[in-house]
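This report refers to the structure that appears directly beneath it.
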Amino acid sequence: MANPAPNPLNASWPSTVWHGLQPYAAGMVLAVILHFTLPGMVGPYYSRIVIDAGIAMILAVSLNIVNGLTGQFSIGHAGFMTVGGYSAGMLTYYGSLWLWDAPEKHGGFLGSGEWLLAGSCLAGGLVAAGMGYVVGLPSLRLRGDYLAIVTLGFGEILRVVLQQTGKVLEDPEALHAASWSDLLCPPAVGGAIGFSGIPKYTNLFWVYAFVTFTVVAAYRIKYSSIGRGMIAVREDEIAAQAMGVNIARQKVLAFVLAAFFAGTAGGLFAHESGVIISPKYAGFQRSFDYVIMTVLGGRGSISGVMLAAVLLTSLPELLRDFDQYRLIVFAVLLVGMMLLRPQGLFGIHEIWEFFPRHRASPRRPPA
Amino acid sequence: MMDSAASATPLLQVEEIGISFGGLKAVQQFSLRLPKAGLFGLIGPNGAGKTTVFNLLTGVYRPDAGRMHIEQLNLVGRRPHEIVAAGIARTFQNIRLFPNLSVLDNVRLAGQLRNSHGLAATLLRTRRSREQEETLRHQALELLAIFDLQDRAAELAHGLSYGHQRRLEIVRALATHPQVLLLDEPAAGLNPQEKRALATCIREIRDRFQLSILLIEHDMGLVMDICERIVVLDHGVTICEGTPEQVQNDPSVIAAYLGCVTG
């Protein structure tokens, strides 16, 4: 930094930091545009579907790091989402009660309340990442169906544990009087009926800001040494370790990263209007939705999984009349996919790899 | 010449390692002194324990007994990826490429163990991470060019011909910058012409990269042609060690291969 030596790749560090942040910044700008134009164009109902699709994209893309890139089979992803949702919800709910004496929305677009949301979602992600570490450890010894059972069990255990939590504290006096143990052991998050009262901050901007964060991160991981190591674990563990890949580290890292992003998505979900986050979301039905998205999208294909997330979120909404047949549609879709395209929509490829230019030249990560 | 090679300070020193699986003593008291830039062969009938020796050396199995060192560094109890970092790379008897990775990525993956950038640098794509990835790419392409595979860099590994896959496995092992290269039956399935090319290639690798090679091979012509010394295993026990001439004339080796007792 002191002597910026001439370098073919870059000049000085502010520009390299900017260079590294560019895609994130571009995504933020798109999110702002989406936030201010979309509701006016399509109305609140379709905007809501776009929000749901965004949250599903975060979950599917993050699950794809474990199931697609690293080749481990996790069906507990909704568990991580729910952990993140509850943690983030607690922070904003009790944070608002503490700071502003009411768990209502505070401040406008990019106001203090929304920053509280962003911070809570990141914190929820960290809590979920901690869970991801714990759930990732068995993946060192188990594989395939056995690992799937462990992750399935994680979601179910979480669901039951959340049902045993305490009542939500509803007024600021009670909160000020309460000790940490009143708040945390057991957590005062509403038990089986769910955690109601969380301020509903989630909007198009924040959802797509986090979508950007997740997708750019996933993309950069995939086309890096870390991602290559993960794919090597998927392809052949014995060969991977013989080539110097620390397979234990790669697997746990995949779980931790996937859980982190799932946690942030859970935070956004908990703050979405019309949603009361409750223990049932940790169960395996919801985890299956995300597994279906990754299978439908193609293992390891970020763009494929995003497309699948959008399709599977919007399809049941667009076929509102057939809503109770949603699961039948899913099943038929999956069986059809298995027969016609067992590798998923895009297989292991990204959408742009179907254009001949990229087939001919060695794949080169864009700067 | 042969004696000087054996008596020089060995790069890889293996002393009396052994492993049993239940009651089966797969390898017993295996010793090896592999000098720098030495080219040794490991032969023996099927099931003699040759690949088990490789698995012991690379940390897939942990020896029950004995010591292994590479340049004073203890290898017993280290995990496979640590042993690769210490400088021992291998190929596999049944080709184990990453089938759905490109040829380039197969090689890059092997080179990346010396990267020093972590997750944060990857997510921010910092200058250092980009420089390291770019260096990795260049080195991989250079290595592929040496072995005449650069035109295939973008193809998926499973699309290569069998001979090319065998060659790519060697390239991939070399990309880890090893000091010792373990080749497990590199000539299996190759035609005579390809075998001759392989023999030249193995010698060139040794000379060019100045590394030590231990070769498992069933093709006696190839082994006798290129190896300086040969170790013969039978039922997990070393029955003979010496120059190709010594081994060829050793009665216990002939007995192990032909199943009759002579002398």
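The values are calculated or read from the model by the stated rules, or taken from the named source; none is laboratory data. None of the values given here were measured: they were computed from a predicted structure. So basically every Cβ, Gly included, is an ideal-geometry build from the backbone, and we count neighbours across all protein chains shown.
Remarks
- Of all residues in segment B:202-222, those that are in contact (Cβ under 8 Å) with a residue 40 or more places away in the chain, surrounded by 15 or more Cβ atoms within 10 Å (Cβ to Cβ) and over 14 Å from the mean Cα position of the chain (by Cα) total 1.
- Filtered by the rule that a residue be part of a helix (DSSP H, G or I) and either within 13 Å of A:Arg220 (Cα to Cα) or more than 7 Å from every other protein chain (Cβ to nearest Cβ) (or both), segment B:109-124 gives B:Gly111, B:Arg114, B:Leu119, B:Ala120, B:Ala121, B:Thr122, B:Leu123, B:Leu124.
- Of B:Ala89, B:Ala48, all but one fail to be part of a loop (DSSP other than H, G, I, E, B), crowded, with 22+ Cβ neighbours inside 10 Å and touching a residue at least 40 places away in the same chain (Cβ under 8 Å); the exception is B:Ala48.
- Among the residues of segment A:197-205, some residue qualifies, meaning at least one is among the polar types (S, T, N, Q), in contact with a Leu (Cβ under 6 Å, 6 or more places away or on another chain), surrounded by 14 or more Cβ atoms within 10 Å (Cβ to Cβ) and at pLDDT 90 or above.
- For A:Gly190, the conditions (1) crowded, with 22+ Cβ neighbours inside 10 Å; (2) facing chain B (nearest Cβ under 10 Å); (3) not polar (S, T, N, Q) are fulfilled apart from (2).
- The residues listed here are B:Val76, B:Val53, B:Val27; of these, the one that is of a type in the set (Val, Ile, Thr), more than 14 Å from the chain's Cα centre (by Cα) and under 26 Å from B:Gln248 (Cβ atoms) is B:Val27.
- Screening B:Asn106 with (1) within 14 Å of another protein chain (Cβ to nearest Cβ); (2) over 20 Å from A:Val245 (Cα atoms); (3) surrounded by 22 or more Cβ atoms within 10 Å (Cβ to Cβ); (4) in contact with a Leu (Cβ under 8 Å, 6 or more places away or on another chain) gives one miss only, at (2).
- Of the helices (runs of 4 or more DSSP H) entirely within segment A:218-334, those holding at least 2 residues that are charged (D, E, K, R) occupy A:225-235, A:247-270, A:284-297.
- Top-ranked residue of segment A:288-331 - restricted to ones that are under 24 Å from A:Ser224 (Cβ atoms), of a type in the set (Gly, Ala, Ser) and touching a helix residue (DSSP H, G or I) at 6+ places or on another chain (Cβ under 6 Å), ranked as surrounded by the most Cβ atoms within 10 Å (Cβ to Cβ): A:Ala309
- Every pair of residues 6+ apart whose Cβ atoms lie under 6 Å, when the first sits in segment A:17-38 and is more than 20 Å from A:Leu110 (Cα to Cα) while the second is surrounded by 14 or more Cβ atoms within 10 Å (Cβ to Cβ) and modelled with pLDDT under 90: A:Gly20/B:Leu124; A:Gly20/B:Arg125; A:Gly20/B:Thr126
- Criterion violated by B:Glu185 - all others in (1) within 14 Å of chain A (Cβ to nearest Cβ); (2) under 18 Å from B:Thr91 (Cα atoms) satisfied: (1)
- Between B:Arg167, B:Arg127, the distinction of being farther than 24 Å from A:Glu353 by Cα, more than 10 Å from chain A (Cβ to nearest Cβ), at pLDDT below 95 and surrounded by 19 or more Cβ atoms within 10 Å (Cβ to Cβ) belongs to B:Arg167 only.
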